[in-house]
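Working notes for the structure below.
The values are calculated or read from the model by the stated rules, or taken from the named source; none is laboratory data. No experiment lies behind these values; they were computed from the predicted model shown. Note that we place each Cβ from the backbone using ideal geometry, even for glycine, and neighbour counts take in every protein chain shown.
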Amino acid sequence: MKSLTNLLHVVLTECGDRCGISTTRDFQTITRRVENEGLAFITITLADFGKDLEKGLDQGFADHSMFLSFKKRGELPVLFGGFLDLVFNRASGRLLDTPSIEAIRCLRQLSLMWAKIELECTEERKQAAIDKYVQCEQEVRQSDKALLASEEAMRDFCRIGGMLLNDVFSLVDRMIWEGNIMPKHGPGATAERITSNGKYYSRMWTSRLESIFPSGEYLFPSWNSVMEEQESLELLEPGAEIPVRVITVPKTQKTPRIIAIEPTPMQYMQQGILEALEEGFAGDDILANLIEYSSQLPNQELARVGSLSGNLATLDLSEASDRVSYQHVRLLLRNFPYLREGVDACRSRKADVPGHGVKRLAKFASMGSALCFPFEAMVFATVIFKAIERALNRPLTKRLIKSFLGQVRIYGDDIIVPVEFVPFVVEELEAFGFKVNAKKSFWTGKFRESCGADYYDGEDVSVIRLRNFIPTQRQQVDELESIVSFRNRMYLAGYWKTVRYLDEIIEKVIPFPAVAPTSPALGKTSVLGYENHKVHPHLQKPLVKAAVVENTYRRDPLDGYGALMKHFLKRSELPFADRKHLQFAGRPVSRDIKVRWAPSY
């Protein structure tokens, strides 16, 4: 904790130099509060400060309901007072006509730099998050009842969803009917805890999958293998299906992230349908510019434009994935029987929730399902255009929808819409059971945030986040990777004094030469280029003595029909990049750092 406090002192001092203010008393206050409150002051309390700052920037003033954990003078906290005085009027709390962009950037960096450090929550916080997951499930059931009771809402939802999605759904529906879905195993964990290569040996299937994706065509590599291994096929009836395994993973120290690990056969077919949907989206002139999968940059650029013009709002939803109901998806797919049956067949109906047992799910899917992300985006897009139609008070057409491209965009639960439609969009989203996160949604002032990029009046005020503790020895691989990444991003942002401090810390643990971003070595980014200690005798490439992360993978041998299946499921005509993929596979079981000669670029 002392190392984090020392780093905060360095960043605080440099921020003070940037803005021309003294930060001595600020650091005294921070030191005292860390002694009394521990690490939670840095990771939780300061993060709340940053959120209140964003609220003040959005609404144009700071009031008595904000900065509650901090001593105030006037309407503003004493802590970071010099920075705040460059942004707000202390007596009235009003935002200055021309607030200092640099002060805003520094305030956000100082308060939010630690907010997403990957630390385990307390057991009490984990259980609270699990309990909230179960409570959310009950709320989804209630919103389903309200939706199914409104024929008009369902009719409009289906009509607008069809206008947006029917072309893509028709394509995928035909692919399923023709048997052209190509499934895929991902690298992640499964509910049964099968190894990565072991998935290709799996002969577990469900009767629901069998009805639309026959095991002989999708689970076995050839009809010879079907005949030889037919007795090993385990066909599960609905009541015997394996539930998703609900777990918590680190998100912030305040609350963990809840994800669900899917059974092998489910994720296997989910990946195939996902790939078909993505192919359809890429070829659709509306959806390719409305729903984004591959890049966050379009959303980030629209957030910048919105902060400058004030015409575009950025909205964020709470528990977005868990509030997409299966009824929402069924309504969208009602005219596409093969796609509807295929999606239903690879959707897990039950979840094993710690402390609550096995629960039947009303939500479509939790984070962890390959189909969670695309279907939540499609549902949100449909609801948004339903709201726009109501605001315009005239029926939507495809031509009218196209006129909003570049103004409406969805990336997961990061939503961008024109400001004039915000009240209607919020009302419709809540009518369909979603919750707009008021603390992370912006449309009033000049602050906008989307997909991790933050802007004020067109200027980038994004936070460079520290994701892990500061390392003290070479064995701390994750911490070293994190601090090197943090150092390089701070360098590009111009925090020169902080970078020099970080360089001293890193160089005590590993050699730290300047390398290009493409180098496998852990090295420093530098505008002066990369170092060259010697030249490779055969490849004539510059080499440096540097630290390189080396992963050790689980021995996971694969041969016979399993290896044949892996070959048939390969997407590219090129050979596997890893020559040992039939002996070792999956995620690393251990990681180490070796100091050796490595390419500079």
TODO: Consider ASN468 carefully, then state whether it is of a type in the set (S, T, N, Q), at pLDDT below 95 and out of contact with any helix residue (DSSP H, G or I) (no Cβ under 9 Å at 6 or more places or on another chain).
DONE: no
- [ ] Report whether or not PRO238 is closer than 24 Å to PHE336 by Cβ and in contact with a Cys (Cβ under 9 Å, 6 or more places away or on another chain).
- [x] no
TODO: Name, by its number, the condition in (1) within 25 Å of ASP344 (Cβ to Cβ); (2) modelled with pLDDT of 90 or more; (3) not β-branched (Val, Ile, Thr) that does not hold for ARG257.
DONE: (1)
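On the basis of being touching a residue at least 60 places away in the same chain (Cβ under 8 Å), in the same structural domain as GLU279 (by TED's automatic domain parsing), in a loop (DSSP other than H, G, I, E, B) and crowded, with 18+ Cβ neighbours inside 10 Å, does ILE181 make the cut?
yes
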TODO: Considering only residues that are touching a residue at least 40 places away in the same chain (Cβ under 8 Å) and touching a strand residue (DSSP E or B) at 6+ places or on another chain (Cβ under 7 Å), look in segment 82-105 and name the one that is surrounded by the fewest Cβ atoms within 10 Å (Cβ to Cβ).
DONE: ILE101
Open item on the list: Can you confirm whether ILE30 is modelled with pLDDT under 95, assigned to a helix (DSSP H, G or I) and of a type outside the set (Lys, Arg)?
Closed with: no
Task: Every pair of residues 6+ apart whose Cβ atoms lie under 6 Å, when the first sits in segment 22-41 and is of a type in the set (Lys, Arg) while the second is part of a helix (DSSP H, G or I) - done: ARG33/PHE41
Task: Extreme residue, farthest from the chain's Cα centre (by Cα), among residues of segment 569-584 that are of a type outside the set (A, V, I, L, M) and surrounded by 11 or more Cβ atoms within 10 Å (Cβ to Cβ) - done: GLN583
- [ ] Select from segment 478-520 the residues that are among the aliphatic types (A, V, I, L, M), surrounded by 14 or more Cβ atoms within 10 Å (Cβ to Cβ) and either under 21 Å from ASP454 (Cβ atoms) or under 23 Å from the mean Cα position of the chain (by Cα) (or both) and list them in ascending order.
- [x] LEU480, ILE483, VAL484, MET490, ALA493
Open item on the list: What's the number of the only condition in (1) over 24 Å from LEU466 (Cα atoms); (2) surrounded by fewer than 20 Cβ atoms within 10 Å (Cβ to Cβ); (3) without any contact (Cβ under 8 Å) to a residue 40 or more places away in the chain that VAL78 fails to meet?
Closed with: (3)
Open item on the list: Looking for something in contact (Cβ under 8 Å) with a residue 24 or more places away in the chain, out of contact with any Gly (no Cβ under 8 Å at 6 or more places or on another chain), farther than 30 Å from GLY458 by Cα and of a type in the set (Asp, Glu) - is there at least one such residue anywhere in segment 288-304?
Closed with: no
- [ ] Quick one: in segment 146-189, of everything that is among the acidic types (Asp, Glu) and either touching a His at 6+ places or on another chain (Cβ under 8 Å) or at pLDDT 95 or above (or both), which residue is nearest to LEU219 (Cα to Cα)?
- [x] GLU178
Task: Qualifying position, being in a loop (DSSP other than H, G, I, E, B), in contact with a strand residue (DSSP E or B) (Cβ under 8 Å, 6 or more places away or on another chain) and crowded, with 17+ Cβ neighbours inside 10 Å, among LEU528, LEU543, LEU558 - done: LEU558
Task: strands (runs of 3 or more DSSP E) contained entirely in segment 383-451, each with at least 3 residues that are out of contact with any strand residue (DSSP E or B) (no Cβ under 8 Å at 6 or more places or on another chain), at pLDDT below 95 and hydrophobic (A, V, I, L, M, F, W, C) - done: none
Open item on the list: Considering only residues that are under 18 Å from ARG257 (Cβ atoms), among the charged types (D, E, K, R) and part of a strand (DSSP E or B), which ones fall in segment 349-377?
Closed with: ASP352, LYS363
Task: Pair list, Cβ under 9 Å, 6 or more apart: segment 250-276 residue under 17 Å from GLU376 (Cβ atoms), other residue among the acidic types (Asp, Glu) and crowded, with 23+ Cβ neighbours inside 10 Å - done: ILE258/ASP322; GLN270/GLU262
Task: Of residues in segment 127-166 being buried (at least 17 other Cβ atoms within 10 Å of the Cβ) and either outside the structural domain of ALA362 (by TED's automatic domain parsing) or among the hydroxyl-bearing types (Ser, Thr, Tyr) (or both), the one farthest from the chain's Cα centre (by Cα) - done: SER143
Open item on the list: One residue is enough: does segment 59-76 have a residue meeting the conditions in a loop (DSSP other than H, G, I, E, B), farther than 25 Å from LEU119 by Cα, outside the structural domain of MET490 (by TED's automatic domain parsing) and of a type in the set (Lys, Arg)?
Closed with: yes
